[in-house]
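Worksheet: the structure to be examined is printed underneath.
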Amino acid sequence: MIVYLAGQYRAPTILGVTLNIYCAWKAAKRLWRAGFVVICPHSNSAFMGELFSPIHGQVFLEGDLELVRKSDALFAMPGWRRSAGACGEIGEGRRYKIPIFYNIEELIAWRNQNT
């Protein structure tokens, strides 16, 4: 089962971006250990986004939305509402009626009922 991890990436400083990536890595690791295949966009494009060019940030977001559409479920990290990108990802998941979860236990229970 493929789970897309939606959470804040951007920050005003490189330290903030690094912290957001680290938090996503921790969540992804927990999901992998629970038996999911995880798409963690924070890892996929770490430090390649708008820090170098605003255009690349948009390209990555469009690619992320394509990955959302191919996922079985979305996991929204705490604080996702503070991220325009994560809000877009959650919105895309809703448009495509992809189940969205806000805690891992609910995601695991849903998987166990649907496999």
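The values are calculated or read from the model by the stated rules, or taken from the named source; none is laboratory data. Fair warning: this is a prediction, and the values are worked out from it, not measured in the lab. All Cβ positions, even for glycine, are placed from backbone atoms using ideal geometry, and neighbour counts span all protein chains on display.
Structure notes:
- Selection from segment 79-115 of residues that are at pLDDT below 95 and assigned to a loop (DSSP other than H, G, I, E, B): Gly79, Ser83, Asn103, Asn114, Thr115
- Residues of segment 1-19 classified as farther than 26 Å from Tyr96 by Cα and not hydroxyl-bearing (Ser, Thr, Tyr), total: 7
- Hits in segment 74-97 (condition: surrounded by fewer than 20 Cβ atoms within 10 Å (Cβ to Cβ) and within 17 Å of Leu31 (Cα to Cα)): Met77, Pro78
- Set side by side, the residues Ile104, Ile100, Ile90 differ, and just one is closer than 22 Å to Ile21 by Cα, over 13 Å from the mean Cα position of the chain (by Cα) and touching a residue at least 24 places away in the same chain (Cβ under 8 Å), which is Ile104.
- Of the residues making up segment 1-17, those that are surrounded by 13 or more Cβ atoms within 10 Å (Cβ to Cβ), outside any loop (DSSP other than H, G, I, E, B) and out of contact with any Ser or Thr (no Cβ under 7 Å at 6 or more places or on another chain) are Leu5, Ala6, Gly16, Val17.
- Taken over segment 18-70, the criterion of being at pLDDT below 90, of a type in the set (S, T, N, Q), assigned to a helix (DSSP H, G or I) and within 13 Å of the chain's Cα centre (by Cα) is satisfied by Ser43, Asn44.
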